[in-house]
């Protein structure tokens, strides 16, 4: 099975705007870059992943992606996420990939075994494997076999929409459960939770730059 990862990346200089009350613009940019590098590093170390495609309108993000051997697609204007992901999926499908795995660039705890575990659940085709967030609202990982099996439906409530679309398509829909994948970082309380995990000495935690927001 040929699996390609797709990582959409917002412009780093304006990333994590919902953290503006606790982090400076410079810290937010450094923060977003460190998490992007972490996700790229993890994906590049999973043998089951054939390659990675990063889509962004940020030249710096694309340059970082190429440091990790990723392919890149330069977006222009301000494309809507679901439309951009579908374009990227069409590119990957033209490369005869049998599956795609969409990952956000803000998963500071994701580990290689998470990526491998998701792929392992997608052996029956057509297949959809979803990892949600701690509120069971968003989609923190989405595996589709074959590519383009369903339209993307990211946004508030995307988890249930993706599940419903998969069932309507007759796919084998499974959820991947991982304490590492439920944590994406959008709000100040997410940083607090991350620091609690790191402070607990969790051996699965990854050292990612997290600015101190408690001062």
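The values are calculated or read from the model by the stated rules, or taken from the named source; none is laboratory data. Treat the numbers as computed from the prediction; the structure is a model and nothing was measured. Don't worry about glycine lacking a Cβ; one is built from the backbone with ideal geometry, like all the others, and counts go over all protein chains shown.
Worth a mention:
- Hits in the stretch 84-116 - residues which are within 21 Å of residue 183 (Cα to Cα) and either over 17 Å from the mean Cα position of the chain (by Cα) or assigned to a loop (DSSP other than H, G, I, E, B) (or both): 103, 104, 105, 106, 107, 108, 109, 110, 111
- Verdict on residue 173 being closer than 26 Å to residue 65 by Cα, assigned to a strand (DSSP E or B), touching a strand residue (DSSP E or B) at 6+ places or on another chain (Cβ under 6 Å) and at pLDDT 90 or above: no
- Of all residues making up the stretch 44-83, the number that are farther than 16 Å from residue 150 by Cβ and not in a loop (DSSP other than H, G, I, E, B): 22
- The conditions of being modelled with pLDDT of 95 or more, surrounded by fewer than 16 Cβ atoms within 10 Å (Cβ to Cβ), in contact with a helix residue (DSSP H, G or I) (Cβ under 7 Å, 6 or more places away or on another chain) and in a loop (DSSP other than H, G, I, E, B) are met by residue 148.
- Every listed requirement among (1) assigned to a strand (DSSP E or B); (2) within 14 Å of residue 2 (Cβ to Cβ) is met by residue 119 save one, (1).
- Condition met for residue 139 (modelled with pLDDT under 95 and within 17 Å of the chain's Cα centre (by Cα)): no
- Count - residues of the stretch 50-93 that are free of Cβ contacts under 8 Å to residues at least 40 places away in the same chain and in contact with a helix residue (DSSP H, G or I) (Cβ under 7 Å, 6 or more places away or on another chain): 7
- For the stretch 127-139, filtered to residues that are in contact with a strand residue (DSSP E or B) (Cβ under 8 Å, 6 or more places away or on another chain) and under 27 Å from residue 189 (Cβ atoms), the residue that is surrounded by the fewest Cβ atoms within 10 Å (Cβ to Cβ) is 133.
- Just one of the listed residues (180, 161, 124) is out of contact with any helix residue (DSSP H, G or I) (no Cβ under 8 Å at 6 or more places or on another chain) and surrounded by 14 or more Cβ atoms within 10 Å (Cβ to Cβ), and it is 161.
- Taking residues in the stretch 114-133 that are in contact (Cβ under 8 Å) with a residue 40 or more places away in the chain, and partners anywhere that are surrounded by 20 or more Cβ atoms within 10 Å (Cβ to Cβ) and assigned to a helix (DSSP H, G or I), the pairs with Cβ atoms closer than 6 Å and at least 6 places apart or on different chains are 128/166; 129/118; 130/162; 132/159.
- Entry remark, the stretch 103-121: residues being touching a strand residue (DSSP E or B) at 6+ places or on another chain (Cβ under 7 Å) and surrounded by fewer than 20 Cβ atoms within 10 Å (Cβ to Cβ) number 1 in total.
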